[in-house]
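Each remark here refers to the structure printed beneath this line.
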Amino acid sequence: MTGDPVKVAGSVTTWLPTFQIIFLSLFLQGLPFLLAGSLLGACIGALVPVRALTGRLPRSTTGGILLGTVAGLLVPSCECVGAPLVRRLLRNGLSPAVAIAYLLASPALNPVCLISTWIAFQYDHPWLMVGTRAGGAVFIAVTVALVFSRRPVTRLLRAELVAAPLTEPGWWENPPANWLARRYPLTASCLATGLADFLNVAFYYLSGCLLAAGVQTALPPYAPPDLHPGLLIPGFMGLSVVASLCSSADAFVARSFAGYPLAALFAFLWLGAVLDLKLLFMYRTIFTRGTVLTLAGWLVALVLAMSLVAAWLPLERWFYGIIGG
């Protein structure tokens with residue numbers, strides 16, 4: 001009924017060492033970047049003068065969206081840390097279009113993500129991967145922010161973000177009772193917030209590494225030569241959504257699929273940074289249900305179109321042709 005026990009034991013001993021090696025390499029390589037991104041995001045949230053910042057933004061919609069996109073490069077915040085920060089900014093009067101631009105750009109444009117992407121692909125076209133990932137993130141952020149900029153605020157945001165002022169106490173108004181908080185309240189606030197974000201993100205990253213290791217153990221190391229990249233793109237998009245990896249470390253998972261077409265890897269990186277299972281719940285704390293569903297549809301459509309274009313273009317030959325001059 002249960003099969004030959006010798007064959008079952010042999011199959012386990014065949015795939016289990018490979019699974020363990022892949023899982024440990026993914027988890028340990030990405031863990032420092034998760035911690036760095038969480039701590040940096042917590043420091044930004046504690047130090048940025050929120051009300052003064054929102055009052056100095058450009059009046060024009062396009063200027064605000066571009067500034068929000070560039071802020072994703074300057075403010076080190078992954079998607080898990082960026083959502084609470086954007087919620088705080090919205091309650092202080094930030095334009096929803098600017099918030100969307102920053103929310104979608106910061107996961108892939110923040111310095112921690114760019115550095116981790118370069119390190120992950122340092123022996124396999126690092127500048128191509130970093131540049132293409134960043135360029136795609138900018139296009140996604142600006143396009144989606146422009147689409148949603150014409151919608152009324154009441155249809156975009158949750159009711160409490162539209163009507164209620166910011167009432168959350170700052171670190172100086174509600175200091176904890178331990179000795180570190182009494183002597184160094186700002187440091188204690190950054191550490192407490194950063195470690196809480198890290199523990200929350202690490203759970204999803206651990207789950208994603210387990211899933212990715214299982215998939216990689218089952219899949220062949222290279223794509224079949226007669227399989228068109230366009231057929232792999234939807235699968236890698238679905239994997240990025242289910243894996244729910246943090247953008248500060250997802251490049252290490254993508255690098256483990258280096259035997260597959262670049263277009264599929266781009267689809268994994270582009271979509272996973274802005275749409276996955278954990279982000280759907282986090283977006284719901286900011287936007288209405290209809291906005292979240294519409295946002296998800298736009299993100300899937302854009303990434304699919306961009307990845308199909310990338311599959312059609314000879315990216316590697318074009319890139320090294322330019323370099324070789």
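Do we find that G93 is more than 26 Å from D250 (Cβ to Cβ), part of a loop (DSSP other than H, G, I, E, B) and at pLDDT below 70 in this structure? Criteria not met by G93.
Just one residue in the set L195, L231 is more than 15 Å from the chain's Cα centre (by Cα), within 15 Å of L35 (Cβ to Cβ) and modelled with pLDDT of 75 or more; that residue is L195. When the residues of segment 104-130 are filtered to those that are within 28 Å of L146 (Cα to Cα), among the aliphatic types (A, V, I, L, M) and out of contact with any Gly (no Cβ under 6 Å at 6 or more places or on another chain), the one that is surrounded by the fewest Cβ atoms within 10 Å (Cβ to Cβ) is L128. Can you confirm whether segment 160-181 contains a residue that is touching a Ser or Thr at 6+ places or on another chain (Cβ under 6 Å) and at pLDDT below 70? Looking through segment 160-181, at least one residue is touching a Ser or Thr at 6+ places or on another chain (Cβ under 6 Å) and at pLDDT below 70.
I'd like to know if segment 8-22 contains one or more residues that are part of a helix (DSSP H, G or I), in contact with a Ser or Thr (Cβ under 9 Å, 6 or more places away or on another chain), among the aromatic types (F, W, Y) and at pLDDT 80 or above. Looking for residues that are part of a helix (DSSP H, G or I), in contact with a Ser or Thr (Cβ under 9 Å, 6 or more places away or on another chain), among the aromatic types (F, W, Y) and at pLDDT 80 or above, one finds at least one in segment 8-22, hence yes.
Condition (residue is polar (S, T, N, Q), closer than 19 Å to A83 by Cα and not in a helix (DSSP H, G or I)) applied to segment 254-277: is it met by at least one residue? There is no residue in segment 254-277 that is polar (S, T, N, Q), closer than 19 Å to A83 by Cα and not in a helix (DSSP H, G or I). For the criterion of being polar (S, T, N, Q) and either at pLDDT 80 or above or touching an Asp or Glu at 6+ places or on another chain (Cβ under 8 Å) (or both), T217 fails. For segment 93-133, filtering for residues that are in contact (Cβ under 8 Å) with a residue 60 or more places away in the chain and closer than 15 Å to M306 by Cα leaves 3.
The values are calculated or read from the model by the stated rules, or taken from the named source; none is laboratory data. Just so it is clear, the model here is predicted, and its values are computed rather than measured. Quick reminder, even Gly has a Cβ in these numbers, built from the backbone with ideal geometry, and neighbours come from all protein chains shown.
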